[in-house]
1. Would you kindly work out the equivalent ellipsoid of the stretch 1-138 from its C-alpha gyration tensor and give its semi-axes, the square roots of five times the eigenvalues, largest first in whole Å?
2. Would you mind checking Lys44/Lys245; Lys188/Lys234; Lys5/Lys264 for any pair whose Cα atoms are more than 30 angstrom apart?
3. Which shape class, rounded, prolate or oblate, goes with the stretch 1-56 when its Cα gyration tensor gives a ≥ b ≥ c as root eigenvalues, a/c under 1.5 marks rounded, and past that a/b bigger than b/c marks prolate?
4. Mind putting a number on the dipole of the chain about its Cα centre? Charges go on the C-beta only, +1 for Lys and Arg and -1 for Asp and Glu, and I need it in Debye to the nearest 20.
5. Let me make sure I get this right: for the stretch 86-218, a, b and c are the square roots of the gyration tensor eigenvalues over alpha carbons, sorted descending. Under 1.5 in a/c it's rounded, otherwise prolate if a/b > b/c, else oblate. Which is it?
6. Looking only at Ser115, Ser65, Ser207, which one moves most when the chain is put into a Gaussian network model with springs between Cα atoms under 10 Å?
7. Pick out which of Arg83, Arg166, Arg263 has the largest mean-square fluctuation in a Gaussian network model of the chain, springs linking Cα atoms closer than 10 Å.
8. Taking the Cβ of His216 as the center, what net charge do the other residues with Cβ under 11 Å away carry, scoring Lys and Arg +1 and Asp and Glu -1?
Amino acid sequence: MSVPKVRVAIIDLYNNEPNQGMRCIKDLIRSCDREFEDVEVTYKVFETRYREEIPRYEDFDIYISSGGPGSPFDGEGKRWEARYFELIERIWSHNQNGPTHGDGRFKHVFFICHSFQMMARFFDFATIQKRRNQSFGILPIVKTDDADRDFLLSPLPETYYVADFRQYEVIEPNYQRLDELGAAILSKEKMRILPELEKALMAVRVSDQFIGTQYHPEADPISMLYHFNQPERKEQVVQEHGEEKYYEMLAHLRDPKNILLTRKLVLPRFLRQTVQSFFPEYATVEE
């Protein structure tokens, strides 16, 4: 008898830039696979931005779309972006029409950082613009009331810490469009250096199957410490953000109260609960 499978497509938008995000995503998928003795959770990576690789939407149950460098408008007019948005449209239509063919499963998508900005562009629920100053480091964000009712983010405290690295921001939500979609804002920035600036959206659920975070929920403090302790990375951060910001970030990474909780809860719960929605008979015990 064959083992039931859940197939995950990792959509890599890093454009061949060295990063820790892809490794962390793979690690979390492998951990999910180990939780289910009677279900095999597999993944395949698609270098969408660098090699124009796009998964066939029929072939996967879960899609995790990664972070990436630079502007979320970088792909305008390029083949990879057109194919990426076509994939999102097909998955959205599949879910909206009801998964009445094939194995009858809804398809679930998690958008991270750069992909969150792409998600906002696709659904047109907010303004995407370049920040006055780049956000860089381990930062506090706050949950909304909707997050307390959301199965994914409800276990997090009202203020929680995230790895946040971005030059762009999603602001000025279009509430009429959010209502049309049935979407909910789940988290926002806690503070801005200049108080007159609007706090950016940090997590949005578009539907039961589509959710995105502006931050990196996959971020692992140990690997980030290793990454930013490399001489070339340290030099880059100090040049761009100053020595004080660099050592402040390292101190946050060493504090277990910060991003470790986000790492343990957000993507693992997304994966676990999605697998359980396919195979409720194989439910695992929540941490």
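What follows draws every value from the coordinates through simple rules; no lab data is involved. Here the structure is a predicted model, which is why all the values come from computation and not from measurement. A quick note on method: Cβ atoms are made from the backbone with ideal geometry, for glycine too, and the neighbour counts reach across all protein chains shown.
1. Largest first, the stretch 1-138 gives 27, 19, 13 Å.
2. Result: Lys44/Lys245 exceed 30 Å.
3. oblate
4. Values: 38 positive and 47 negative charges, 63 e Å.
Here the chain has a charge dipole of around 300 debye.
5. Values: a/c = 1.98, a/b = 1.67, b/c = 1.18.
Prolate, because a/c is 1.5 or more and a/b exceeds b/c.
6. Ser207
7. The residue that fluctuates most here is Arg83.
8. On the way: positive: Arg166, Arg263; negative: Asp164, Glu218, Asp220.
Residues near His216 contribute -1 overall.
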